[in-house]
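The values are calculated or read from the model by the stated rules, or taken from the named source; none is laboratory data. Since the structure is predicted, the reported quantities are computational estimates derived from the model, not experimental observations. Counting neighbours? That spans all protein chains shown, and the Cβs are built from the backbone with ideal geometry, glycine included.
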Amino acid sequence: MTNLDKQILDQIKDLKPIAKWKFLFKNYLIWSLGILFLIFSSFACALLLYLVINNDWEHSKLIAGSFWDYWIASFPHIWFVFTVVFLIISYQNFKHTEKGYRIRHRKLITINILTILFLAFVFCSFGLGNAIDAIDLEQSKIFNQRKVLWINPDKGFLAGEVIEKNEDSLKLIDFEGKLWTIDVIEANITPYTEEGVKILGNQVSEDTFKAKEVLPWSRIFLFEKDFLKELP
Amino acid sequence: MIIKEFENTSDEEVVKLVLNDQKYFIILVKRYETKLYRYISRISNFNDQEKEDILQDVFVKVYVNLNSFNSDLKFSSWIYRITRNEVINNFRKFKRRPQIARIDPEDDFMSRIRSGLDLEHEINNKVDLDNIKQILNEINDKYKEVLVLKFLEEKDYREISDILKIPMGTVATYINRGKKELKQKIKKYDKSR
């Protein structure tokens, strides 16, 4: 035995290999975090998708004056940032799995993005996006600017939940909790879901609004079709 | 004695034996100490004492982390990876840069690099071993590292990929780029003479 062999054997004499479960735990942890952040990213992307699809691009000039001003005011930047940040964390975890290095970075990122888009589409189809409309107005300033933009009765935009329907009027509670009477005699009404409506028109008095157009608050998305209820 | 007895046993089988009884670890030490010492010499310019210290640390790490060895990998790839990491840690510790420090004449490196890199025309008799060593030291570290593993350690693409923890496609890219850079440097060297 050479001197080096002896030194090596002397050094390991009192050592023991680290237990296998510790390596397995670390490996599963990296995989779990990768999957968890992939799901987080998909959630964020589902909300982004929902908000972009439902953003009122056709009324952009009316609401903000120009398309770009409307884009800046209403694009869900925060959800875009969350989607990307969670995507990066997820990618980093997958890259550091035992065999993550065998896949090219570009391929791994592409697989991650496609999975996130697919899951976001599925989540959105089953109505997850609507959850963002349930948050209160204060939080909406950061997470759902669209809701804030539609509390502008003096400019002719109003949105909220219909609590009573009559032939020529609706009772509506807006996102600030204020009760409105909506005159719909001359309004063009598009069938809407029970979740809510957005109304274009004019404010007549403190709590009365004359509608020109009544639209569903959100567009239907694949499997949400069943929720659609037409006005009597 | 024990070395002879397990001469035909695969590394992966020996690993299983070591996990049950430490005494079998000497088989792995004997199988790899020369190869790894030579590899450390090829990728660094540490002195003999430093190289022995690195080698000792490598074997201690191998033993302590033996349970993390995944049999989907070749054991040799795994132990080379640990060695490379240990050398890099020592580069950081001593603030040194990777160097091609030793190419043994008996390595038959010249003929391997001539045929393997398709450099028959570029490498003629005027360019000798020392010149090649100097030229190799001038090329990008990441290409150099792959060329060393491919042409000196004679590892295949999969093994290089597992040692360096990069995709096989990247290994191929680095070899091509390294080859191109090497060709250019040899041409430049030839012209300057």
**Message:** Quick check on region A:28-58: of everything there that is at pLDDT below 95 and surrounded by fewer than 18 Cβ atoms within 10 Å (Cβ to Cβ), which residue is farthest from A:E213 (Cα to Cα)?
**Reply:** A:V52
**Request:** Identify all residues within region A:67-95 that are buried (at least 19 other Cβ atoms within 10 Å of the Cβ) and of a type outside the set (A, V, I, L, M); write none if there are none.
**Result:** A:Y70, A:S74, A:P76, A:W79, A:F82, A:T83, A:F86, A:S90, A:Y91, A:N93, A:F94
**Hits in region A:136-159 - residues which are among the aliphatic types (A, V, I, L, M) and surrounded by 15 or more Cβ atoms within 10 Å (Cβ to Cβ)** = A:V148, A:L149, A:I151, A:L158, A:A159
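When you scan region A:23-34, do you find a residue that is at the interface with chain B (Cβ under 10 Å from one of its Cβ atoms), free of Cβ contacts under 8 Å to residues at least 40 places away in the same chain and over 22 Å from A:N112 (Cα atoms), even just one?
Of all residues in region A:23-34, those at the interface with chain B (Cβ under 10 Å from one of its Cβ atoms) come to A:23-24, A:26-27.
From what is left, the residues that are free of Cβ contacts under 8 Å to residues at least 40 places away in the same chain are A:23-24, A:26.
Then keep just the ones that are over 22 Å from A:N112 (Cα atoms); that gives A:23-24.
Yes, some residue in region A:23-34 is at the interface with chain B (Cβ under 10 Å from one of its Cβ atoms), free of Cβ contacts under 8 Å to residues at least 40 places away in the same chain and over 22 Å from A:N112 (Cα atoms).
Evaluate the following for A:A64: is it small (G, A, S), surrounded by 15 or more Cβ atoms within 10 Å (Cβ to Cβ) and in contact with a strand residue (DSSP E or B) (Cβ under 9 Å, 6 or more places away or on another chain)? I'd like the intermediate steps shown before the answer.
Values: small (G, A, S): yes; surrounded by 15 or more Cβ atoms within 10 Å (Cβ to Cβ): yes; in contact with a strand residue (DSSP E or B) (Cβ under 9 Å, 6 or more places away or on another chain): no.
So A:A64 does not fit the description; no.
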**Prompt:** If you check A:Q92 against the conditions, is it farther than 30 Å from A:P216 by Cα, in a helix (DSSP H, G or I) and either touching a strand residue (DSSP E or B) at 6+ places or on another chain (Cβ under 7 Å) or facing chain B (nearest Cβ under 10 Å) (or both)?
**Reply:** no
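Taking region A:178-215, which residues are assigned to a loop (DSSP other than H, G, I, E, B) and under 18 Å from A:R146 (Cβ atoms)? Even if it seems obvious, please write down each step before you answer.
To start, the set of residues in region A:178-215 that are assigned to a loop (DSSP other than H, G, I, E, B) comprises A:178, A:184-187, A:190-191, A:194-196, A:206-207.
Of everything in region A:178-215, those that are assigned to a loop (DSSP other than H, G, I, E, B) and under 18 Å from A:R146 (Cβ atoms) turn out to be A:T190, A:E195, A:G196.
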**Request:** Would you mention how many residues in region B:5-26 are farther than 18 Å from B:S77 by Cβ and either in a helix (DSSP H, G or I) or in contact with a helix residue (DSSP H, G or I) (Cβ under 6 Å, 6 or more places away or on another chain) (or both)?
**Result:** 10
